[in-house]
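The values are calculated or read from the model by the stated rules, or taken from the named source; none is laboratory data. Every value quoted in this text rests on a predicted model; they were computed, and no experiment measured them. Cβ sites come from the backbone with ideal geometry, for glycine too, and all protein chains shown count toward neighbours. Accessible surface is based on the protein model in full, side chains and every heavy atom, while ligands, DNA and RNA are left aside. Shrake-Rupley method; radii C 1.70, N 1.55, O 1.52, S 1.80 Å.
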Amino acid sequence: MSAYEQLMQFQHDTEALGQVAGRLSWDQETMMPRGAADQREEEVSALEHVLHERRTDPRVGEWLSAIGDDALDPVQTAQLRHIRRRYERATRVPSALAARIARTISRSQVAWVEARAENDVPAFLPKLQEIVTLRREEGAAMADGGDVYDALLDDYEPGAKAADLEAMFGALRPRLVALREAVLSKPMPPQLRDGFDEAGQMKLARLVAKSFGYDLKRGRVDKAVHPFSSGSGDDVRITTRTMPHDPFNCLYSTIHEVGHASYEQNIDGAYRLTPLGRGVSMGVHESQSRIYENQLGRSRAFTGWLFARMTETFGDIGVPDADAFYGAANRVHKGYIRTEADEVQYNLHVLLRFDLERALVAGSLDVADLEEAWNSRFEADFGYPVDKPANGVLQDVHWAAGLFGYFPTYTLGNVYAGCLHEAMRRDVTGLDAHLAEGDTSPATGWLRDNLQQFGGLYRPREVIEKASGQPPSEGPLLDYLEAKFGALYGLG
């Protein structure tokens with residue numbers, strides 16, 4: 001076999017083992033017996049050790065050196081781009097540092113859970129300080145003299161630069177703040193009644209999953225505390241959750257995760273168990289979940305169809321007609337929690353975290369001053385103070401889990417979704433008529449053909465630009481939000 005063939009066979013097995021590791025995590029969140037936690041930790045640790053050894057195996061470097069770039073086609077070139085990037089990053093981080101990070105994160109997450117339950121920020125800060133110190137060290141190793149935060153960001157959005165995001169997010173913030181202030185000065189739409197049974201919610205969750213093209217022959221819908229999507233190729237699973245007082249949480253969590261899952265299911269089957277066989281970045285992944293959930297799932301056309309399904313399932317749901325239901329599905333409301341935020345305010349939560357974590361990594365913000373900085377920024381953007389740490393600086397697990405550089409991909413995904421939605425509206429005729437019948441296939445087919453099928457073939461910005469016909473920018477997202485909520489709330 002050629003060096004390329006040997007490398008790809010080795011990579012195939014590494015990818016397969018990574019899928020097994022992901023399935024262990026899925027099982028732990030859904031079906032694992034509570035008493036199995038200690039044994040599962042040993043199983044995951046053993047598998048992660050094997051994966052780390054494979055990712056840093058010297059033969060990968062030897063194969064990469066032996067392959068001549070001049071004989072490669074575009075697909076092979078893209079495969080090697082991913083393998084080389086991951087290998088170089090993995091081998092730059094000393095194994096002792098990687099082990100320290102893993103152990104510290106495990107302890108930090110436990111400390112976060114306890115501190116959040118007690119609203120005790122000082123109890124968590126020493127662990128957070130350890131995480132920040134270790135991530136700085138890791139980022140410096142990967143940056144090889146470059147920007148440390150950029151190196152951490154590259155784990156989630158390859159090629160992205162914090163300075164570019166800062167400019168984009170800086171343009172977002174004033175218009176978002178102005179929109180939230182204008183909307184919240186108006187009367188709020190009605191809410192749904194309380195008391196939606198779990199069986200009905202799960203029945204509808206599976207119905208909307210199928211309506212968005214999720215292939216249940218290659219996936220499944222289960223319950224978990226925190227909804228997520230897991231897997232790729234022919235085994236892509238999602239979870240959702242139910243709340244008696246809030247069926248929207250279940251339905252839109254499901255649609256969101258279906259966006260992630262459909263991306264993975266629709267990647268060209270020829271890329272299965274290769275670096276190209278999964279979503280190219282967290283930002284692009286988030287663009288799919290957000291456009292499914294918001295631009296499509298919360299559109300006036302689709303909510304009209306969903307209103308009929310809701311009343312068929314639950315009878316009187318507390319709102320009289322499809323227009324009121326549309327208002328309820330897009331209700332802008334005060335709150336503290338990012339994951340429960342509406343479209344208008346969601347990105348303000350992310351921008352706050354992006355600025356603070358950059359400052360932490362750079363050392364311009366001390367961990368000891370983080371809560372004060374958070375509270376001050378929150379009140380400036382949202383217009384009211386944080387009531388308790390569990391609703392403020394302790395609400396997310398990301399920093400306890402060491403995920404510095406992850407937060408900005410949420411807003412980047414929304415920006416990408418805005419660009420894609422504008423192009424989709426331009427290209428797909430009669431889209432709303434299809435959505436009003438519960439038929440999302442013209443929209444999801446457009447996303448499959450223009451983005452999802454390519455997997456990791458193109459770089460993140462490149463695939464968005466190819467699909468939308470323009471470089472990514474914040475303009476389409478802001479225009480969409482201002483038009484939608486301006487009409488819904490009667491803004492001048």
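Pairs under 6 Å by beta carbon, first residue within 24 Å of Thr311 (Cβ to Cβ) and open to solvent by 20 Å² or more (accessible area, probe 1.4 Å) in the stretch 179-203, partner part of a loop (DSSP other than H, G, I, E, B) and polar (S, T, N, Q), six or more apart or different chains?
Glu198/Thr242
Given the conditions (1) of a type outside the set (Ser, Thr, Tyr); (2) out of contact with any strand residue (DSSP E or B) (no Cβ under 6 Å at 6 or more places or on another chain); (3) farther than 23 Å from Trp399 by Cα; (4) open to solvent by 60 Å² or more (accessible area, probe 1.4 Å), report the number of the one that Arg206 does not fulfil.
It fails just one condition, (2).
Does Ser299 count as modelled with pLDDT of 95 or more and under 26 Å from Leu152 (Cβ atoms)?
Working: modelled with pLDDT of 95 or more: yes; under 26 Å from Leu152 (Cβ atoms): no.
Here the answer is no, as Ser299 does not meet what is asked.
Against the definition (buried (at least 16 other Cβ atoms within 10 Å of the Cβ), more than 16 Å from Trp399 (Cα to Cα), free of Cβ contacts under 8 Å to residues at least 40 places away in the same chain and out of contact with any His (no Cβ under 9 Å at 6 or more places or on another chain)), how does Asp147 come out, yes or no? Even if it seems obvious, please write down each step before you answer.
Working: buried (at least 16 other Cβ atoms within 10 Å of the Cβ): yes; more than 16 Å from Trp399 (Cα to Cα): yes; free of Cβ contacts under 8 Å to residues at least 40 places away in the same chain: yes; out of contact with any His (no Cβ under 9 Å at 6 or more places or on another chain): yes.
For Asp147, the condition - buried (at least 16 other Cβ atoms within 10 Å of the Cβ), more than 16 Å from Trp399 (Cα to Cα), free of Cβ contacts under 8 Å to residues at least 40 places away in the same chain and out of contact with any His (no Cβ under 9 Å at 6 or more places or on another chain) - is met.
Which one of these does Gly318 not meet: (1) surrounded by 19 or more Cβ atoms within 10 Å (Cβ to Cβ); (2) at positive phi?
Among (1) surrounded by 19 or more Cβ atoms within 10 Å (Cβ to Cβ); (2) at positive phi, Gly318 violates only (1).
Could you say whether any residue in the stretch 214-221 is of a type in the set (Val, Ile, Thr), open to solvent by less than 30 Å² (accessible area, probe 1.4 Å) and farther than 30 Å from Pro471 by Cβ?
First, the residues of the stretch 214-221 that are of a type in the set (Val, Ile, Thr): 221.
Next, from what is left, pick out any that are open to solvent by less than 30 Å² (accessible area, probe 1.4 Å): 221.
From what is left, the residues that are farther than 30 Å from Pro471 by Cβ are 221.
Yes, because at least one residue in the stretch 214-221 is of a type in the set (Val, Ile, Thr), open to solvent by less than 30 Å² (accessible area, probe 1.4 Å) and farther than 30 Å from Pro471 by Cβ.
State the number of residues belonging to the stretch 288-315 that are surrounded by 19 or more Cβ atoms within 10 Å (Cβ to Cβ) and among the β-branched types (Val, Ile, Thr).
Counting residues in the stretch 288-315 that are surrounded by 19 or more Cβ atoms within 10 Å (Cβ to Cβ) and among the β-branched types (Val, Ile, Thr) gives 2.
Give Gly455, Gly413, Gly438, Gly418 a once-over and let me know the one that is crowded, with 18+ Cβ neighbours inside 10 Å and closer than 30 Å to Arg116 by Cα. Steps first, answer last, please.
Values: Gly455 fails: closer than 30 Å to Arg116 by Cα; Gly438 fails: closer than 30 Å to Arg116 by Cα; Gly418 fails: closer than 30 Å to Arg116 by Cα.
The unique qualifying residue is Gly413.
With the condition kept exactly as written, say whether any residue in the stretch 338-348 is on the phi > 0 side of the Ramachandran plot, crowded, with 18+ Cβ neighbours inside 10 Å and in contact (Cβ under 8 Å) with a residue 40 or more places away in the chain. Write out each step before concluding.
The first filter runs over the stretch 338-348 and keeps only residues on the phi > 0 side of the Ramachandran plot, leaving none.
No, that holds for no residue.
Scan Val93, Val20, Val50 and give me the residue that is in contact with an Asp or Glu (Cβ under 7 Å, 6 or more places away or on another chain) and in contact (Cβ under 8 Å) with a residue 24 or more places away in the chain. Show your work before the answer.
Working: Val20 fails: in contact with an Asp or Glu (Cβ under 7 Å, 6 or more places away or on another chain); Val50 fails: in contact with an Asp or Glu (Cβ under 7 Å, 6 or more places away or on another chain).
The match here is Val93.
Which numbered condition trips up Arg34, out of (1) closer than 22 Å to Asp155 by Cβ; (2) open to solvent by 40 Å² or more (accessible area, probe 1.4 Å)?
The number of the failed condition is (1).
Which condition does Leu134 not pass, out of (1) part of a helix (DSSP H, G or I); (2) modelled with pLDDT under 95, if it passes all the others?
Going through (1) part of a helix (DSSP H, G or I); (2) modelled with pLDDT under 95 one by one, Leu134 breaks only (2).
Examine the stretch 231-245 for a residue that is of a type in the set (Ser, Thr, Tyr), over 21 Å from the mean Cα position of the chain (by Cα) and either closer than 19 Å to Arg290 by Cβ or open to solvent by 10 Å² or more (accessible area, probe 1.4 Å) (or both), and state whether such a residue exists. Please lay out each step first, then the result.
Just the residues of the stretch 231-245 that are of a type in the set (Ser, Thr, Tyr), to begin with: 232, 239-240, 242.
This time we only want the ones that are over 21 Å from the mean Cα position of the chain (by Cα), so: none.
Checking the stretch 231-245: not a single residue is of a type in the set (Ser, Thr, Tyr), over 21 Å from the mean Cα position of the chain (by Cα) and either closer than 19 Å to Arg290 by Cβ or open to solvent by 10 Å² or more (accessible area, probe 1.4 Å) (or both).
Residue under question is Gly259, and the condition is that it be within 21 Å of Leu17 (Cβ to Cβ), modelled with pLDDT of 95 or more and small (Gly, Ala, Ser); does it hold?
Working: within 21 Å of Leu17 (Cβ to Cβ): no; modelled with pLDDT of 95 or more: yes; small (Gly, Ala, Ser): yes.
Criteria not met by Gly259.
Listed here are the residues, each with its yes/no results for (1) closer than 29 Å to Arg358 by Cα; (2) not hydrophobic (A, V, I, L, M, F, W, C).
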| position | (1), (2) |
| --- | --- |
| Glu48 | yes, yes |
| Asp57 | no, yes |
| Arg86 | yes, yes |
| Ser95 | yes, yes |
| Glu118 | yes, yes |
| Phe124 | yes, no |
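For the stretch 391-449, how many residues meet the condition of being assigned to a helix (DSSP H, G or I), among the polar types (S, T, N, Q), in contact with a helix residue (DSSP H, G or I) (Cβ under 8 Å, 6 or more places away or on another chain) and closer than 27 Å to Gly170 by Cβ? Working first, answer last.
Restricting attention to the stretch 391-449, the residues satisfying the condition of being assigned to a helix (DSSP H, G or I) are 391, 408-427, 431-435, 441-449.
Still in the running and among the polar types (S, T, N, Q): 391, 409, 411, 414, 441, 444.
From the residues that got through so far, the ones that are in contact with a helix residue (DSSP H, G or I) (Cβ under 8 Å, 6 or more places away or on another chain) too are 409, 411, 414, 441, 444.
Subset that is closer than 27 Å to Gly170 by Cβ: 409, 411, 414.
The number of residues fulfilling the criteria is 3.
If you check Arg309, Arg353, Arg338, Arg298, which single one turns out to be of a type in the set (Lys, Arg) and out of contact with any Lys or Arg (no Cβ under 9 Å at 6 or more places or on another chain)? Even if it seems obvious, please write down each step before you answer.
Details: Arg353 fails: out of contact with any Lys or Arg (no Cβ under 9 Å at 6 or more places or on another chain); Arg338 fails: out of contact with any Lys or Arg (no Cβ under 9 Å at 6 or more places or on another chain); Arg298 fails: out of contact with any Lys or Arg (no Cβ under 9 Å at 6 or more places or on another chain).
It is Arg309.
So is Thr242 of a type outside the set (D, E, K, R) and either in contact with a Phe, Trp or Tyr (Cβ under 9 Å, 6 or more places away or on another chain) or farther than 30 Å from Pro472 by Cα (or both) or not? Break it down into steps so the answer makes sense when it comes.
Numbers: of a type outside the set (D, E, K, R): yes; either in contact with a Phe, Trp or Tyr (Cβ under 9 Å, 6 or more places away or on another chain) or farther than 30 Å from Pro472 by Cα (or both): yes.
Here the answer is yes, as Thr242 does meet what is asked.
Would you call Val332 open to solvent by less than 60 Å² (accessible area, probe 1.4 Å), farther than 27 Å from Phe307 by Cβ, modelled with pLDDT of 95 or more and not in a helix (DSSP H, G or I)? Explain how you work it out, then say what you get.
Values: open to solvent by less than 60 Å² (accessible area, probe 1.4 Å): yes; farther than 27 Å from Phe307 by Cβ: no; modelled with pLDDT of 95 or more: yes; not in a helix (DSSP H, G or I): yes.
So Val332 does not fit the description; no.
Condition (residue is under 19 Å from Arg218 (Cα atoms) and hydroxyl-bearing (Ser, Thr, Tyr)) applied to the stretch 318-330: is it met by at least one residue? Steps first, please.
Narrowing the stretch 318-330 to residues under 19 Å from Arg218 (Cα atoms): none.
Among the residues of the stretch 318-330, not one is under 19 Å from Arg218 (Cα atoms) and hydroxyl-bearing (Ser, Thr, Tyr), which makes the answer no.
When the stretch 154-177 is examined, which residues are found to be in contact with a helix residue (DSSP H, G or I) (Cβ under 7 Å, 6 or more places away or on another chain) and not in a loop (DSSP other than H, G, I, E, B)?
Scanning the stretch 154-177 gives Ala162, Leu165, Met168, Phe169, Leu172, Arg173, Arg175, Leu176, Val177.
So that you can scan it fast, the table gives a plain yes or no per residue for (1) within 30 Å of Thr240 (Cβ to Cβ); (2) free of Cβ contacts under 8 Å to residues at least 60 places away in the same chain; (3) of a type in the set (Gly, Ala, Ser):
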{"residue": "Arg34", "(1), (2), (3)": "yes, yes, no"}
{"residue": "Glu41", "(1), (2), (3)": "yes, yes, no"}
{"residue": "Arg59", "(1), (2), (3)": "no, yes, no"}
{"residue": "Ser65", "(1), (2), (3)": "no, yes, yes"}
{"residue": "Asp70", "(1), (2), (3)": "no, yes, no"}
{"residue": "Asp73", "(1), (2), (3)": "no, yes, no"}
{"residue": "Gln79", "(1), (2), (3)": "no, no, no"}
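Could you pull out every one of the helices (runs of 4 or more DSSP H) wholly within the stretch 1-115 that has 2 or more residues that are closer than 30 Å to Gln395 by Cβ, out of contact with any Cys (no Cβ under 6 Å at 6 or more places or on another chain) and modelled with pLDDT of 90 or more? Reasoning before the result, please.
Working: elements: 3-30, 37-55, 58-66, 74-92.
Result: 3-30.
Counting only residues that are among the aliphatic types (A, V, I, L, M) and open to solvent by 20 Å² or more (accessible area, probe 1.4 Å), which one in the stretch 1-18 is nearest to Arg84 (Cα to Cα)?
If we filter the stretch 1-18 for residues that are among the aliphatic types (A, V, I, L, M), which is where we start, we get 1, 3, 7-8, 16-17.
From the residues that got through so far, the ones that are open to solvent by 20 Å² or more (accessible area, probe 1.4 Å) too are 1, 3, 8, 16-17.
Details: Met1: 20, Ala3: 14, Met8: 12, Ala16: 18, Leu17: 19 Å.
Only one residue fits best here, namely Met8.
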